[in-house]
Each structure stands twice: as structure tokens, then as C-alpha cells.
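Here's the structure, in C-alpha cells; my notes come after.
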Amino acid sequence: MKTGYLWHPGHAWLACLRVGDGLTVVLATGVVVLLFATLWTTSRADRAIVRQGGELIAEIALTAPRRVEVVGPIGTSVIEIASGRARVLADPGPRQYCVQQGWLTRANAVAICAPNQVSLQLAGPSNSNRHDSISY
Amino acid sequence: MHASADDHRIAAYAAAAIAITIAEAALPSPLPGVKPGLANIIVLVVLLRHGWRDAVWVSLLRVIAASLVGGTFLAPGFVMSLAGALCSLGILGLSTRLPATWFGPVSHSVLAAFAHIGGQILVARLWLVPHDGVFYLLPVFALAALVFGVVNGLVAGQIMSAHSVLPAPTGEIAPLPQSLSR
């Protein structure tokens, strides 16, 4: 009895492949990678924008480590800046949401300490400001 | 009116393609629009065996007949399907001019799959969702086109090399080969 032709162990599925096919597949893979890279990545942040009560307090490049203290209605929030990232280190708010968000690294990411009216937002190259804010 | 052998052959291939399209419509898809497009295997085989003109016939008959059966004739899904089919037929018309010693069914299949999603996303952008947000899905569609393009191309290559098992329909009712009539 003849076994199923297509699944015959000795039959090579890749036998029809030719040199140009490899080239086509490589090029197509490149296109897919390029599409993911351009359409599915948020640009890295390069500066942090700190606001209190809606007023701009500081705009700091994410290059050197630094701490910023912001005084609000219920106390002092501490923003920590590091290379390529920033976080709210301490906040007098009762629920500590903005502190627990930890390090922000991507453009448009934002941490809001509502009780103290402090916000920390990261910004990237200007063409990445297509969204009001993004949470990760 | 007399149907020629050409007509019989095209009808037989189109029937196979329509049956595959309808069977495939029953498969669940994680994302609307992401489908293996297995009927394109038939279009590829027709292209390589009988040339571009026959492939156009089979492909367009499939799009129209499958939409009639599925009840989507002239609905947005039909227009998307037609746009994809026309774009991939256009690319196949060009890709068959590539040297056949270098470029086989997998090349044709991958190029056609990319043309297919290209045409569909263009129609979607211009007509259905007039917003650049549709391009956000493009990487996923492109990845699906790559994977299914390669798979369909390999299957078409298998069929091309398996003449004795899957003979070209002649328009006559041929006895089934031994390997299939068990």
C-alpha cells in the first residue's frame, strides 16, 4: 500500500525553493521587521516635564542624574531623573500611585500625583506627541 | 453556446478555489482579515501551469462566486477581497516575468500576498476607515502575508511536483489516482 504522498518521509518540501525565493523571503522579512520597527515602537524619551497645579515647574533632559523637589498643597514630591528615565521617588499622597508606577522610560508616559497636583511626563522627539498620554 | 476545454478547465479550478474559500471561512481567525488564503494555492498552480490569463479567470471567479455563496456580494468584505485579488494578480503578472530558474512558486506567493494586503489596506484607508490608524495593523497583516505566502507557495510547489497524484483537470471526469481512491 502506498503511503500518503505529501507526507512521505523522503519527500522534500523545500525542493521547489530556488535562489531567488530565498532572496524574496529575506526581503519580505526585512519589510515586516521594518514595519514593526516604524509603526509599533514608541520613541525613547529624552526629557522630563514636571508640572505642579498645571504650571510648568521644570523641563529636564534625561541625561544626568538629578533630583527635583516640588512643593504642592499637601507637601513635597520628589522627582528623580536618571539617564533615559525618570520616576516619582516620594510623594505625600495617601495612595502612592505615582510612586508605585516606578521608572518611566518611554515618550508620553506620565505619572500623576493627583493629591499634590504634581505630574511627571516624559517627552521624546517632537513628532512622537501624537497622544495626550500613554500608560504602560 | 459551446463551452471549450479551456472553459471546463477554468471552471474545475475555480470550483476547487471556491470550495477552499468557503471551507476557510469556517475557520476562526484571531484578527479580522488575517486568513491563510489557501485558495490562492489554486491560483498559483493555475498561473504556473496555464499562465496568467487563466489565473485571472480563476481568481476573479472565486472572489465573485464565494461572495455570492457567503452572502457578501458587493458588501465591504467583497470589495476588500476584490481589491486584494486584483492587486495580487497585477503583481503575479509582473513576477511571472522573473527568470523561472531563480524564482519559483514561493516568490510568486509571497509577492502576491504582500500585494494582497497592500491593496486591502489601501481600500480600507481610502474608503472604510478614513484614518491613518488602520496602518497600525499593517505589521500584523504583513507578518501574516509572509507566513502564509511562504506556506501557500510551498504547497503550490508540492502540487506542481506531484503531477501523478494531482493531475491537471482536463474537463473530463477522470478516474481517481490509486493513491487517492483507497
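Each value in this text was obtained by applying a stated rule to the coordinates, not by laboratory testing. As the structure is a computational prediction, the values presented were derived from the model and not from experiment. Cβ: placed from backbone, ideal geometry, glycine included. Neighbour counts: every protein chain shown.
Values computed for the structure shown
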quantity	calculated
Dipole magnitude (debye, nearest 20) for the protein assembly as shown, charges at Cβ of Lys, Arg, Asp, Glu	380
Range of Cα positions in the stretch A:47-128 per principal axis (Å), largest first	34, 21, 18
Rg in Å to one decimal, and Dmax rounded to a whole Å, for the stretch B:97-168 via C-alpha atoms	15.7, 51
q = 0.21 Å⁻¹, the stretch B:5-160: log10 I(q)/I(0) [Debye, one scatterer per Cα]	-1.46
Other-chain or far-sequence residues with amide H under 5 Å of B:W102's (modelled H)	none
Percent RCO, i.e. relative contact order, over the stretch A:47-128, from Cα pairs under 8 Å lying at least 6 residues apart	29
Most mobile listed residue (B:F103, B:F141, B:F78) in chain B, GNM with C-alpha springs under 10 Å	B:F103
Footprinting exposure proxy for B:Y136, B:Y13, A:Y97 (fewest neighbouring C-beta atoms within 10 Å first)	B:Y136, A:Y97, B:Y13
Packing-based exposure ordering (other Cβ within 10 Å, fewest first) of B:H108, B:H116	B:H116, B:H108
Packing rank of A:105-111, B:21-27, where each peptide gets the mean count of other beta carbons within 10 Å, highest leading	A:105-111, B:21-27
Partner chain coverage, peptide B:105-117 - average Cβ within 10 angstrom	3
Stokes-Einstein translational diffusion, the protein assembly as shown - Kirkwood Rh over all Cα pairs, 0.890 mPa s, 25 °C, in µm²/s	104
Estimated 222 nm signal from helices in chain B, with DSSP H stretches of n ≥ 4 weighted -39500 (n - 2.57), rounded to 500	-21500 deg cm²/dmol
